[in-house]
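Report on the following structure.
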Amino acid sequence: MTTTAVPSATSVLRTAFQKSVANYWNLEKDPVNIKLGEVDGLYHHHYGLGPVDPSVFEGPDETRDERMIKEMHRLETAQADVLLDHLGDIAPTDALLDAGSGRGGTSIMANLRFGCEVDGVSISEQQVAFANGQAHERGIADRVRFHFRNMLDTGFETASRRAIWTNETTMYVDLFEAFGEFSRLLAPGGRYVCITGCSNDVMGLRSKAVSRIDEHYICNIHPRSQYFKALAANNLVPISVVDLTADTIPYWELRAQSSVATGIEDPFLTAYKEGSFHYLMIVADRV
């Protein structure tokens, strides 16, 4: 995989919004991301899936929070496994793209599972440096690389990717632009997997809880229908759509009781339970 010279911030961060997002993530050192990653060295920036192991609430009180941290990390790693399960048949000779790669956890998992090369892109220079450090520590820096680049204009070669994923990152970009770039990068028959939170536009305008999530993360949550319009406009055909909302609620209920709660747990739980917010996985193929 060829790489180019490190781009300047002015060439990567094209708008005031992108600059504000980059600044947020450059400064972010939230324990809910750091402490969970310290469990086994896989650092994620997404939420969890699946039922909570009830043994977390058993045992000594003084180690209860430690058990909760480990369980939340298990659930978020399980979420990444679900995403990777849907990438299709990946060979060691294939190249993948993690669009909005955070601190690199899912990219590292993809390489460990498939043996292939993975490129991650992020507009946070701090996240890129951290993720490259993780790849170096694991001895896979020749196969897993992280770049300070904009997912809307990655600079990678046309039709160079077998699969691309976004894991809770599409709320930071224009979907038509992003899916246009992904369509360019994917070889014919290539796979795109998206896990995202989206507002339920059947209910009309976004709810107060969804607006609160936007404010907290400096993002722009898209309506559900917008995803399918943008996919159709860019030769990406959905082959599977899975509502993961019920599967992520246990993670949020556990997180709300933990020492790493940030205060955004209640808006998430409210939005999910009232139906104004959905947690979706969309699997689409390039035609």
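When the range 179-226 is filtered for residues that are farther than 13 Å from Tyr272 by Cα, under 20 Å from the mean Cα position of the chain (by Cα) and of a type in the set (A, V, I, L, M), the ones remaining, listed by number, are Leu185, Leu186, Val193, Ile195, Ile218, Ile221. Of the residues making up the range 72-110, those that are under 15 Å from Arg191 (Cα atoms) and of a type outside the set (Gly, Ala, Ser) number 12.
Just need a number here: residues in the range 101-139 that are in a loop (DSSP other than H, G, I, E, B), in contact with a Leu (Cβ under 8 Å, 6 or more places away or on another chain) and surrounded by fewer than 24 Cβ atoms within 10 Å (Cβ to Cβ). Give the derivation first.
Residues of the range 101-139 that are in a loop (DSSP other than H, G, I, E, B), as a first pass: 101-104, 115-116, 123-124, 138-139.
From what's left, in contact with a Leu (Cβ under 8 Å, 6 or more places away or on another chain): 116, 123.
Now drop any that are not surrounded by fewer than 24 Cβ atoms within 10 Å (Cβ to Cβ), which leaves 116.
So the count comes out to 1.
For Leu84, the test of being in a loop (DSSP other than H, G, I, E, B), of a type in the set (A, V, I, L, M, F, W, C) and open to solvent by less than 20 Å² (accessible area, probe 1.4 Å) is failed.
So, in the range 45-78, of the ones that are in a loop (DSSP other than H, G, I, E, B) and touching a Ser or Thr at 6+ places or on another chain (Cβ under 7 Å), which residue ends up farthest from Ala131 (Cα to Cα)? I'd like the intermediate steps shown before the answer.
Applying the first criterion (in a loop (DSSP other than H, G, I, E, B)) to the range 45-78 yields 45-53, 58-60.
Keeping just the survivors that are touching a Ser or Thr at 6+ places or on another chain (Cβ under 7 Å) gives 47-49.
On the way: Tyr47: 18, Gly48: 20, Leu49: 23 Å.
Checked the range 45-78; the qualifying residue farthest from Ala131 (Cα to Cα) is Leu49.
The set of residues from the range 231-262 being of a type outside the set (A, V, I, L, M, F, W, C), within 19 Å of Ile213 (Cβ to Cβ), over 18 Å from the mean Cα position of the chain (by Cα) and open to solvent by 50 Å² or more (accessible area, probe 1.4 Å) comprises just one member, Glu253. Tell me which residues, restricted to the range 164-174, are surrounded by 24 or more Cβ atoms within 10 Å (Cβ to Cβ) and either farther than 26 Å from Tyr279 by Cβ or aliphatic (A, V, I, L, M) (or both). If the condition is that a residue be surrounded by 24 or more Cβ atoms within 10 Å (Cβ to Cβ) and either farther than 26 Å from Tyr279 by Cβ or aliphatic (A, V, I, L, M) (or both), then Ile164, Val173 are the ones that fit.
Residue-by-condition table, conditions (1) open to solvent by 40 Å² or more (accessible area, probe 1.4 Å); (2) under 16 Å from the mean Cα position of the chain (by Cα); (3) within 25 Å of Ala178 (Cα to Cα):
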site	(1), (2), (3)
Val21	no, yes, yes
Gly37	no, yes, no
Arg64	yes, no, no
Asp89	yes, no, yes
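Of the residues making up the range 189-205, not a single one is closer than 18 Å to Asn235 by Cα, among the β-branched types (Val, Ile, Thr) and open to solvent by 20 Å² or more (accessible area, probe 1.4 Å). Got at least one residue in the range 151-163 being on the phi > 0 side of the Ramachandran plot and crowded, with 18+ Cβ neighbours inside 10 Å? There is no residue in the range 151-163 that is on the phi > 0 side of the Ramachandran plot and crowded, with 18+ Cβ neighbours inside 10 Å.
The values are calculated or read from the model by the stated rules, or taken from the named source; none is laboratory data. Everything numeric in this text was worked out from a predicted model, so none of it was measured. Here Cβ is always computed from backbone atoms with ideal geometry, including for glycine, and neighbour counts include all displayed protein chains. The protein model used for the area step is the full one, side chains on, heavy atoms only, and it has no ligands, DNA or RNA in it. Shrake-Rupley method; radii C 1.70, N 1.55, O 1.52, S 1.80 Å.
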